[in-house]
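Written below as structure tokens is the structure these notes are about.
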Amino acid sequence: MRRLTPFVFAALAAGCYSGRMTGNYDSVFELNNTEDDSAVIEETGRDEAAAARNMERLLALSREEDPVYRINAGDEVDIRVYGHEDISLKTKVGPDGTVGMAFVGQVKLSGRTIAGGAEEIRKGLEPYVKNPVVSISVCEIVSETATIAGACKRPGVYGISNSTRLADLYAMAGSSDARLFNGVDVDVADLENSLIIRKGEALPVDFRKAIERGDALNNLRIRKGDYVYIAQRMEASVTVCGEVRNPHRRLFEPGMGLIETLTAAGWMEDTHWCNVIIIRDGLSNPKMYKVDVDGILAGRCRNVTLKAGDIVYVPKDNMAEYNVFVRKLLPTVQVVNLLMSRNSLVNPN
């Protein structure tokens, strides 16, 4: 995560909210995990529509034909001229994309298919060899590569073939890296927030399904030039701030609940407002929900399950305008330090 100074962060945050969020907290959807909860219904609708679009995209990707291999610089090729072993050779394609052959000199192979390269050599030999028959086989491909970076043991550039899938590339890179955290080796990879970029487009791949479950639709074939980023689990966190006894940022764990998170923060101060605000989907395009904690404790509704990146804010009162939240909360040293500092992370266990 890029480090920002408190001043810059506050300015950016204020710019994100200013002029866009007006109204009283009473108008915020109530997120209480009941069946008739309008916020949950709205969010579920958005999620279902996005899931349908992702499924269509994945199906389209799975139906794409394998790209035709084209010879490139650095690849090793075996060129056979039948009946003329003296001019046959095994060689690497030079940095300029050419190979040198008897009679014909330098032949441009880079960018050509295997059949196209063989035909180019055949035409060059025709004036010197009667009815030349040429074949090319590829011994080593170094030009077909993909990059994997982030929270894996051996990030880097790896050679791939048409059979290489996402899980294979992840295995080549040694799978998840580990880090010592509070005396415990912690698996660093955050598969839920990892991504694959192809030709500038982030593909809708579920890494957990691909790598842990072997789901064929998500375990895409890796293509030349793909960039895979394995997100770091240390970046997946939940921030608790406002009227709580111990404001902090903690590592996200699947299944984290609001009540347990508030308890870990020493619970709410006596001055807290009746509702807790959950800020979701980041500060650049936030969605705000309020939660009736008393309703959860009284058994009227279920505990709210948190998501990675959630900010749990316990207000002191029902602020009149959202922009008050911007002016009073976001620029504070407390929140800037919580959101920007890795050192503020605490172990959820």
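A short reminder: the numbers here are calculations on the coordinates, not readings from a lab. None of these values were measured; they are calculated from a predicted model. Cβ placement follows ideal geometry from the backbone for every residue including glycine, while neighbour counts extend to all protein chains displayed.
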Order of TYR69, TYR313, TYR128 - criterion: other Cβ atoms within 10 Å of each residue's Cβ, fewest first = TYR128, TYR69, TYR313
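What order do you get for MET288, MET55 when you list them from fewest to most C-beta neighbours inside 10 Å? Could the numbers behind the result be given before it?
Working: MET288 20, MET55 12.
Listing MET288, MET55 from fewest to most nearby Cβ atoms yields MET55, MET288.
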query = Once amide H atoms are placed 1.01 Å from N in the peptide plane, what residues at a sequence separation of 5 or more from ARG112, or on another chain, have their amide H within under 5 Å of its amide H?
reply = ILE71
remark   = Note on the stretch 80-234, DSSP bridge orientation, antiparallel percent to nearest 5 equals 85 percent
request  = Taking a cut-off of 21 Å between Cα atoms, list the lysines near LYS209, but don't count ones fewer than 8 places away on the same chain.
outcome  = LYS153, LYS307
ask   = Which values of log₁₀ I(q)/I(0), to two decimal places, follow from the Debye formula for the stretch 193-282 at q = 0.12, 0.16, 0.20 Å⁻¹ with a uniform point scatterer at every Cα?
value = -0.56, -0.77, -0.96
request  = Could you pull the Rg and Dmax for the stretch 143-233, using just the Cα atoms, both in Å?
outcome  = 12.8, 43
remark   = Here the stretch 48-57 yields Karplus 3J(HN,Hα) values (6.51, -1.76, 1.60; θ = phi - 60°; whole Hz; Gly and Pro given as x) of 5, 5, 5, 5, 5, 5, 4, 4, 4, 5
task = Could you pull out the trypsin sites (Lys or Arg not before Pro) across the stretch 158-261 that fall in loop regions by DSSP (anything but H, G, I, E, B) with no more than 12 other Cβ atoms inside 10 Å?
result = LYS199, ARG213, ARG245
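With Cβ to Cβ distances under 13 Å as the rule, what net charge do the other residues near ALA102 carry (K, R +1; D, E -1)? Numbers along the way, then the final one.
Details: positive: none; negative: GLU85, ASP86.
Net local charge, ALA102 excluded: -2.
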key: Filtered GluC sites (Glu not before Pro), the stretch 77-172: DSSP coil and at most 10 other beta carbons within 10 Å   = GLU85
note = Env charge @ GLY242, Cβ radius under 9 Å, K,R +1 / D,E -1, value -1
note = Projected convex hull area of the stretch 76-140, Cα atoms, direction-averaged, in nm², equals 3.9 nm²
